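The values are calculated or read from the model by the stated rules, or taken from the named source; none is laboratory data. The structure displayed is predicted, hence computed values, not measured ones. Cβ: placed from backbone, ideal geometry, glycine included. Neighbour counts: every protein chain shown. We work out accessible area using only protein heavy atoms, side chains counted, and drop any ligands, DNA or RNA first. Shrake-Rupley method; radii C 1.70, N 1.55, O 1.52, S 1.80 Å.
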Amino acid sequence: MISLYAMLIGFGMDLLLGDPRGMPHPVIWIGRLISALEPYLRAIFPRTPEGERRAGGVLWLLTAAVSTALPALVLWVCASISPWLRLAVESVMCWQILAVKSLRTESMKVYAALETGDLEASRRAVSMIVGRDTARLDRDGVTRAAVETVAENTSDGVVAPLVFLALGGAPLGFFYKAVNTMDSMLGYVEPPYRDFGFFPAKLDDVMNFVPARLSALLMLGAGGILGMDVRRGFRIFRRDRYNHASPNSAQTESVCAGLLGLRLAGDAWYHGVLHEKPTIGDPAQEIRPGDIPRACRLMTVTAALALAVCAGTRWLLMGLWG
């Protein structure tokens, strides 16, 4: 019951507070652990493709283990003192695992800059939430990048964390954040991460396989609540959900593209290299800055549906466990 209440309280805290500036965030610590382990493991293992893959695999195991065990230990100590302390600490942990308000806040900064006509400011704002190079993006490219990241992170930053919180409380939630952070930092196809990041990228695909598809279905439900074209969203989902190098990223992007009537994805620059990528969706209308708040509303309603599903699942699991 404590983990269920903590998930509900943490979700509410995230909606109200987001990520306050200056507050230490566990994802930063996970990132620092990854950065500290990387050179050490590279030095130990042979500088061959196989050696680098093994080094990346060991980094994944160590980072996932520490990120899961440490919060579990903290919560065990808190529970031994008081269940109320356990509830308070786990609620804060759940708050830090979720990213509904921060995703909306950062994407709306892009929208605000676009509305003023300041292209450079909009490029800087979108560079904070996407991994691609942004210097070449025009107005439509900036808007498209913002909508895409809201759609993709509806799964990575909201639904998937809720799924793991429902299954194993904050410790499993931090396990997921570690997996996702390792993919963000190491999961590139260009050197020097082509081999070192192999296992972090593949294991992120495995962990997100079910949550990504659940996110897509919940997003269709959210589109229906918001009065969007669900039939078109489902059609584009069925057609384009694998139009991405990742088996998961296009699941929600395709639904979002269909519901909003947009064409997303396509070629993009990463680290100075042009990556040719298929498009997602049909251009039923020209993309415009106003599509960013529309995508945010879709994400928020999807998050609410996911909370209901995950809280219900947690309640059912408690019944099965007796």
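Of all residues in region 1-44, those satisfying the criterion of being open to solvent by less than 50 Å² (accessible area, probe 1.4 Å), within 20 Å of Met185 (Cα to Cα) and not aliphatic (A, V, I, L, M) are His25, Pro26, Gly31, Glu38, Arg42. For region 181-217, a tally of residues being surrounded by 17 or more Cβ atoms within 10 Å (Cβ to Cβ) and basic (Lys, Arg) returns 1. Annotation: of all residues in region 13-49 being in contact with a Ser or Thr (Cβ under 9 Å, 6 or more places away or on another chain) and of a type in the set (Gly, Ala, Ser), the one that is modelled with the highest pLDDT is Gly31.
Could you list all residues from region 113-126 that are open to solvent by 50 Å² or more (accessible area, probe 1.4 Å) and either in a helix (DSSP H, G or I) or of a type in the set (Gly, Ala, Ser) (or both)? Within region 113-126, Glu115, Thr116, Gly117, Leu119, Glu120, Arg124 qualify. Taken over region 71-107, residues that are in contact with a Gly (Cβ under 9 Å, 6 or more places away or on another chain) and aromatic (Phe, Trp, Tyr) amount to 1. Scanning region 238-295 for residues that are open to solvent by less than 50 Å² (accessible area, probe 1.4 Å), in contact with a Ser or Thr (Cβ under 6 Å, 6 or more places away or on another chain) and modelled with pLDDT of 85 or more, we see that the one that is farthest from Val150 (Cα to Cα) is Asp240. Could you check, for region 153-166, whether at least one of its residues is touching a Cys at 6+ places or on another chain (Cβ under 6 Å), more than 24 Å from Pro20 (Cα to Cα) and open to solvent by less than 10 Å² (accessible area, probe 1.4 Å)? Within region 153-166, one or more residues are touching a Cys at 6+ places or on another chain (Cβ under 6 Å), more than 24 Å from Pro20 (Cα to Cα) and open to solvent by less than 10 Å² (accessible area, probe 1.4 Å). Among the conditions (1) open to solvent by less than 70 Å² (accessible area, probe 1.4 Å); (2) over 18 Å from Val150 (Cα atoms); (3) part of a helix (DSSP H, G or I), Arg235 misses just one, which is (1). Scanning region 47-59 turns up at least one residue that is free of Cβ contacts under 8 Å to residues at least 40 places away in the same chain, within 30 Å of Val92 (Cα to Cα) and out of contact with any Pro (no Cβ under 6 Å at 6 or more places or on another chain). Determine whether region 205-212 contains at least one residue that is in contact (Cβ under 8 Å) with a residue 60 or more places away in the chain and assigned to a helix (DSSP H, G or I). Within region 205-212, none of the residues are in contact (Cβ under 8 Å) with a residue 60 or more places away in the chain and assigned to a helix (DSSP H, G or I).
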